[in-house]
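Participant: Handing you this structure, nothing more for now.
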Amino acid sequence: LCISEATRRDAMRLLGIPAERLAVIHAGVGSEFTARALETAERESLLRRFGIRDRFVIYTGNGDFRNNLVGAVDSFARIPPAERVGVQLVLNQVGDEQALRAFAQHAGLSANDLVITGKVSDADLVGLFRSCETFFFPSLYEGFGLPVLEAMACGAPTICADNSSLGEVMARKDATFDASDPEGAARLLGRALNDQQYRGELREFGIKRAAEYTWDRSASLCEQAWREAMERKAKALRG
């Protein structure tokens, strides 16, 4: 059972598993991830707790290499300052915070440009998704990329890398970029921050796209895959 077409291809290429023994069942978005505009006081309270001023870009990752946190900071820093006035980059979990902040400073960001929240609750994560200007996901590899769909389901205008499963999940070329090209990622992120129409299109598209991924759908695909596997087994035994 594979969580994406990309994972299915990996299993065939790296493990040598025959295609007929692999089924894609995708994943689902939890019911807590929904789009709802926060009340002004609710939003202000949430942002104040994390030291966020107002407008912000958010990226959720756990700090390992493939999450490309350095790439996220590098891309954000490459946006011309005039195009990101008053905008902060918010990260939740990082590995070496001191090293990342040193890199951010070297890249030209001020201490206030970068907010590191630490681990957040699901409720706070939903609130941050609902409040952000853009959800930015420059991961280098994902088996599925569930944070992309969770952010989209909450109405966050979302752009992501085009590698592994991410382009498959996003299914919108003008919302993807090459994660190995921080300059290109910066251009698209700058557009998301400054083109209100584009941001609105991403929001509406994301809500609809995320609604296609339910756990009921995954369960149905899983059941179908097991039935087909049992039928193949029975046929082989008869033959």
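The values are calculated or read from the model by the stated rules, or taken from the named source; none is laboratory data. Keep in mind the model is a prediction, meaning the values are calculated, not measured. Cβ sites come from the backbone with ideal geometry, for glycine too, and all protein chains shown count toward neighbours. Only protein heavy atoms, including side chains, enter the accessible area calculation; ligands, DNA and RNA are left aside. Shrake-Rupley method; radii C 1.70, N 1.55, O 1.52, S 1.80 Å.
Participant: Consider Gly155 carefully, then state whether it is of a type outside the set (Asp, Glu), assigned to a helix (DSSP H, G or I) and surrounded by fewer than 24 Cβ atoms within 10 Å (Cβ to Cβ).
Facilitator: no
Participant: So which residues in segment 18-48 are of a type in the set (Asp, Glu) and under 21 Å from the mean Cα position of the chain (by Cα)?
Facilitator: Of everything in segment 18-48, just one residue is of a type in the set (Asp, Glu) and under 21 Å from the mean Cα position of the chain (by Cα), namely Glu32.
Participant: Being more than 24 Å from Ala185 (Cβ to Cβ) and among the hydroxyl-bearing types (Ser, Thr, Tyr) narrows it down to one of Ser75, Ser31, so name that one.
Facilitator: Ser31
Let's see how each residue does on (1) among the aliphatic types (A, V, I, L, M); (2) open to solvent by 10 Å² or more (accessible area, probe 1.4 Å); (3) over 15 Å from the mean Cα position of the chain (by Cα); (4) under 22 Å from Gly86 (Cα atoms):
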residue: Phe136; (1), (2), (3), (4): no, no, no, yes
residue: Leu149; (1), (2), (3), (4): yes, no, no, no
residue: Ala161; (1), (2), (3), (4): yes, no, no, no
residue: Ser164; (1), (2), (3), (4): no, yes, no, no
residue: Glu168; (1), (2), (3), (4): no, yes, no, no
residue: Arg203; (1), (2), (3), (4): no, yes, no, yes
residue: Ala234; (1), (2), (3), (4): yes, yes, yes, no
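Participant: Working only within segment 178-201, note down all residues that are outside any loop (DSSP other than H, G, I, E, B) and open to solvent by 10 Å² or more (accessible area, probe 1.4 Å).
Facilitator: Passing the criteria: Pro182, Glu183, Gly184, Arg187, Leu188, Arg191, Asn194, Gln196, Gln197, Arg199, Gly200, Glu201.
Participant: Check whether at least one residue in segment 5-28 is in a helix (DSSP H, G or I), over 19 Å from Asp162 (Cα atoms) and touching a residue at least 40 places away in the same chain (Cβ under 8 Å), and report yes or no.
Facilitator: Yes: one or more hits.
Participant: Among (1) more than 30 Å from Ser220 (Cβ to Cβ); (2) in contact (Cβ under 8 Å) with a residue 60 or more places away in the chain; (3) part of a loop (DSSP other than H, G, I, E, B), there is one condition Val57 misses while meeting the rest; what is its number?
Facilitator: Only one criterion in (1) more than 30 Å from Ser220 (Cβ to Cβ); (2) in contact (Cβ under 8 Å) with a residue 60 or more places away in the chain; (3) part of a loop (DSSP other than H, G, I, E, B) is unmet by Val57, namely (3).
Participant: Just need a number here: residues in segment 138-147 that are small (Gly, Ala, Ser), touching a Gly at 6+ places or on another chain (Cβ under 9 Å) and open to solvent by 20 Å² or more (accessible area, probe 1.4 Å).
Facilitator: Residues that pass the stated criteria total 0.
Participant: Report yes if some residue within segment 18-29 is open to solvent by 50 Å² or more (accessible area, probe 1.4 Å) and in contact with a strand residue (DSSP E or B) (Cβ under 8 Å, 6 or more places away or on another chain); otherwise report no.
Facilitator: No, there is no match, as no residue in segment 18-29 is open to solvent by 50 Å² or more (accessible area, probe 1.4 Å) and in contact with a strand residue (DSSP E or B) (Cβ under 8 Å, 6 or more places away or on another chain).
Participant: So Asp74 passes all but one of these: (1) of a type in the set (Asp, Glu); (2) modelled with pLDDT of 95 or more; (3) within 30 Å of Cys222 (Cα to Cα). Which condition number does it fail?
Facilitator: (3)
Participant: Residues being assigned to a loop (DSSP other than H, G, I, E, B) and in contact (Cβ under 8 Å) with a residue 24 or more places away in the chain: count how many of those fall in segment 102-144.
Facilitator: Residues meeting the conditions: 16.
Participant: Shifting gears a bit: So Ala37 clears everything in (1) surrounded by 14 or more Cβ atoms within 10 Å (Cβ to Cβ); (2) part of a loop (DSSP other than H, G, I, E, B) except one condition, right? Which one?
Facilitator: (1) is the only condition that Ala37 fails.
Participant: Now for a different question. Can you report the number of residues in segment 108-134 which are over 13 Å from the mean Cα position of the chain (by Cα), among the hydroxyl-bearing types (Ser, Thr, Tyr) and buried (at least 20 other Cβ atoms within 10 Å of the Cβ)?
Facilitator: 1
Participant: Being open to solvent by 60 Å² or more (accessible area, probe 1.4 Å) and not in a loop (DSSP other than H, G, I, E, B) is the filter here; which residues of segment 205-218 pass it?
Facilitator: Within segment 205-218, Lys208, Ala211, Trp215, Asp216, Arg217 meet the criteria.
Participant: Right, here's the next one. Among (1) of a type outside the set (D, E, K, R); (2) surrounded by 12 or more Cβ atoms within 10 Å (Cβ to Cβ); (3) within 22 Å of Ala156 (Cα to Cα), which single condition is Gly86 missing?
Facilitator: Answer for Gly86: the failing condition is (2).
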